[in-house]
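Here the structure is laid out as structure tokens; the discussion comes afterwards.
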Amino acid sequence: MTDLRWARPEERGEIQSYLFESMGKIPHERWLNILDCRWNGLDEKYGVVVEEKGKIAGFLGIVFADREFLGVPYRTGNITSWFLEKPLRRSGLGQDMLAMITEPTGVTYTAISANFRSGALLKKIGWQNLEDQRVFWKRTDGLVPSDVQIFSGATALSGKLADEPAKIISDHAGLNLTPHLLSSANEDDLFFMTYKKYKGDNKTAHFEILHTGNPQILSNNITNIANLLLPKENAVLSSDKRFLVPCTGYDHSQKLQVARYFKPHNNLPARQIDFLYGEVVLLDLKIY
């Protein structure tokens with residue numbers, strides 16, 4: 001008999017090992033990051049389980065987080081680590097898993113790294129396209145205005161931030177990402193987050209933008225940011241296109257093989273959906 005149910009608190013260790021054995025690549029200890037409900041407490045829901053003959057035969061995770069945008073609270077739920085044993089696929093169970101995990105109301109749900117099959121399902125059932133383009137900048141020979149500077153790292157930003165960005169830094173302590181504050185004479189300060197990943201045969205350093213506090217100021221200063229953050233060679237600054245308004249002047253762009261999807265609550269704008277508080281930073285994933 002096959003049973004679909006919410007994962008129990010005491011199953012975290014068993015599910016951690018199941019994901020490691022089933023999905024590989026990611027170290028065993030890191031899988032716990034998507035199960036420990038670090039932003040809500042251990043009693044929070046964290047996934048659904050398919051059980052067959054008393055054994056786990058599938059899992060779909062969810063990372064809930066309570067956030068604020070311009071002082072207005074909202075909740076996100078990032079779906080992650082979707083796996084179902086081969087004999088159970090194409091049976092409708094995958095769609096049932098998704099339906100169960102999105103039962104909680106008042107949540108903006110996101111799917112940041114869907115594969116071809118799950119992406120097709122999300123599109124079929126009406127999830128909206130969140131993003132389908134990545135954009136890239138290289139360092140140029142242009143001069144950065146003398147009044148523009150970037151402070152990087154939690155220590156350098158201490159005492160310089162409003163409550164919302166300060167909480168973001170605190171919530172992501174210990175994870176592999178870097179907070180920045182861009183300061184200039186003519187615009188408000190800009191808070192943004194990045195992390196660095198090496199990609200391709202030549203190990204190009206990708207400085208990935210994970211979050212921005214203001215898409216327009218980011219767009220106005222993106223060349224300055226590239227020139228201040230990037231080394232001279234073999235490095236790019238990269239971002240999802242929605243993070244910049246307007247998004248112009250990039251070195252090149254790339255269409256995603258599978259779009260990112262979301263199911264917004266209360267018309268939360270797409271540009272407010274970032275890579276924080278979810279699987280990308282918890283599992284230390286490369287962004288594609």
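Run the quick spin-label model on Ser152 and Lys199: label points 7 Å from Cα toward the beta carbon, then report their separation in nm to one decimal. If labels sit at Ser152 and Lys199, their model points lie 1.8 nm apart. In the calculated pair-distance distribution of segment 223-275, the portion above 15 angstrom amounts to 61 percent of the Cα-Cα pairs. For segment 2-106, the relative contact order works out to 23 percent when only alpha carbon pairs closer than 8 Å and six or more residues apart are counted.
Ranked by the mean number of other Cβ atoms within 10 Å of their residues, highest first, the peptides 13-20, 204-211 come out as 204-211, 13-20.
Taking a ≥ b ≥ c as the square roots of the eigenvalues of the alpha carbon gyration tensor, segment 95-165 is oblate, as a/c is not under 1.5 and a/b does not beat b/c.
As a rough footprinting exposure proxy, the listed residues His28, His180, His265 were ranked by other beta carbons within 10 Å of their own, and the order from fewest upward is His28, His265, His180.
The order of Ser146, Ser152, Ser253, going from fewest to most other C-beta atoms within 10 Å of their C-beta, is Ser146, Ser253, Ser152. Once you reduce segment 1-80 and segment 127-162 to the center of their Cα atoms, the two points are 31 Å from each other. Each of Glu279, Glu29, Glu85 was scored by other Cβ atoms within 10 Å of its Cβ. Arranged with the fewest first, they read Glu29, Glu85, Glu279. Pairs over the 32 Å Cα-Cα cut-off, from the set Lys25/Lys241; Lys25/Lys160; Lys123/Lys286: Lys25/Lys160.
As a calculated quantity, the FRET efficiency between Thr2 and Lys255 at R0 = 30 Å, using C-beta atoms, amounts to about 0.20.
Extension gain for the segment Ser91 to Leu42, taken as residue separation times 0.36 nm less the Cα-Cα distance, is 14.5 nm to one decimal. Please tell me the relative contact order of the chain in percent, rounded to the nearest whole number, where contacts are Cα pairs under 8 Å and at least six residues apart. In percent, rounded to a whole number, it is 21.
If the segment from Glu51 to Asp171 were pulled out straight at 0.36 nm per residue, it would be longer than the present Cα-Cα gap by 39.9 nm.
The simple Förster model, with R0 at 41 Å and r as the Cβ-Cβ distance, assigns His28 and Arg271 a FRET efficiency of 0.70.
Where a number appears in this text, it was derived from the coordinates with a stated rule and is not lab data. The structure presented is a predicted model; accordingly, all values stated were derived computationally and were not measured. Cβ atoms come from the backbone with ideal geometry, glycine included; neighbour counts cover every protein chain shown.
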